[in-house]
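One structure is given below, encoded as structure tokens.
The values are calculated or read from the model by the stated rules, or taken from the named source; none is laboratory data. Remember, it's a predicted structure, so these values are computed and weren't measured experimentally. Here the Cβ positions follow ideal geometry from the backbone for every residue, glycine too, while neighbour counts run over all protein chains shown.
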Amino acid sequence: MINAQDVAKLREETNAPMMAAKKALEQAEGDFETAKQYLEQEYARKADKKAERETGEGTIGTYVHNGELGVMVALTCETDFVARTEDFQQLAHNIALHIAAYGANEDTDVETVLDSEYIKDPSYTVRELLKSHIAKVGENIQLHSFRTLSL
């Protein structure tokens, strides 16, 4: 039997909507790790389907560390509705924070950042973080570019 605590825990760890988390646990017959893998596969499948869709909207996310290092990221999505959400704004900020902690500079390309272990949870990459958000909001999301500035 699937209980609400397991659904909540899976949602917290994967950013999955409630019904998706419940379905994953049902598919996995209550096995938490299998349910996580199921969701990751679903995220990848959904992200792949949306990858060709145009991302004409977005936001600039920033992070400044101790007034000495700043990062700006251009995070794009399909609609201004998603771009204005607090969740999307927070995602842009967290990616900027990640890039600062990762030590990226002007020689680091976007693909390298996407393939790096996410600083807040090394169990997945920045690319996987984006895929989870793509699955959650139903739109293509891309890390378009970033810039760093340091003293």
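Brief remarks on what is shown
- Unmet criterion (only one of (1) more than 26 Å from Glu13 (Cβ to Cβ); (2) part of a helix (DSSP H, G or I)) for Phe88: (1)
- Taking the listed residues Ala35, Ala21, the one that is crowded, with 16+ Cβ neighbours inside 10 Å and closer than 16 Å to Lys131 by Cβ is Ala21, with no other qualifying.
- Single unsatisfied condition, Ala51 versus (1) of a type in the set (Gly, Ala, Ser); (2) more than 20 Å from Glu78 (Cα to Cα); (3) surrounded by fewer than 15 Cβ atoms within 10 Å (Cβ to Cβ): (2)
- Evaluation of Glu86 against the conditions (1) in contact (Cβ under 8 Å) with a residue 12 or more places away in the chain; (2) under 26 Å from Met18 (Cβ atoms) shows that the sole unmet condition is (1).
- Qualifying residue in region 62-72 (condition: touching a Phe, Trp or Tyr at 6+ places or on another chain (Cβ under 6 Å), assigned by TED's automatic domain parsing to the domain that holds His133 and closer than 26 Å to Thr108 by Cβ): yes
- Scope region 67-88; condition crowded, with 16+ Cβ neighbours inside 10 Å and not hydrophobic (A, V, I, L, M, F, W, C); matching residues: Gly70, Thr76, Glu78
- Screening Ala44 with (1) surrounded by fewer than 20 Cβ atoms within 10 Å (Cβ to Cβ); (2) outside the structural domain of Gly138 (by TED's automatic domain parsing); (3) more than 17 Å from Leu143 (Cβ to Cβ) gives one miss only, at (3).
- Condition broken by His98, with the remaining ones in (1) under 14 Å from Ile141 (Cβ atoms); (2) surrounded by 13 or more Cβ atoms within 10 Å (Cβ to Cβ) satisfied: (1)
- Residue within region 120-130 that is assigned to a helix (DSSP H, G or I) and over 19 Å from Val71 (Cα atoms) present: yes
- Leading residue by the ranking (surrounded by the fewest Cβ atoms within 10 Å (Cβ to Cβ)) among those in region 102-119 that are touching a Leu at 6+ places or on another chain (Cβ under 8 Å) and in a loop (DSSP other than H, G, I, E, B): Ile119
- Residue selected from region 1-41 under the condition β-branched (Val, Ile, Thr) and farther than 24 Å from Val137 by Cβ, by the criterion farthest from the chain's Cα centre (by Cα): Ile2
- Tabulated pairs, region 5-31, first at positive phi, second buried (at least 17 other Cβ atoms within 10 Å of the Cβ), C-beta under 6 angstrom, 6+ apart or interchain: Asn15/Ser132; Asn15/Lys136
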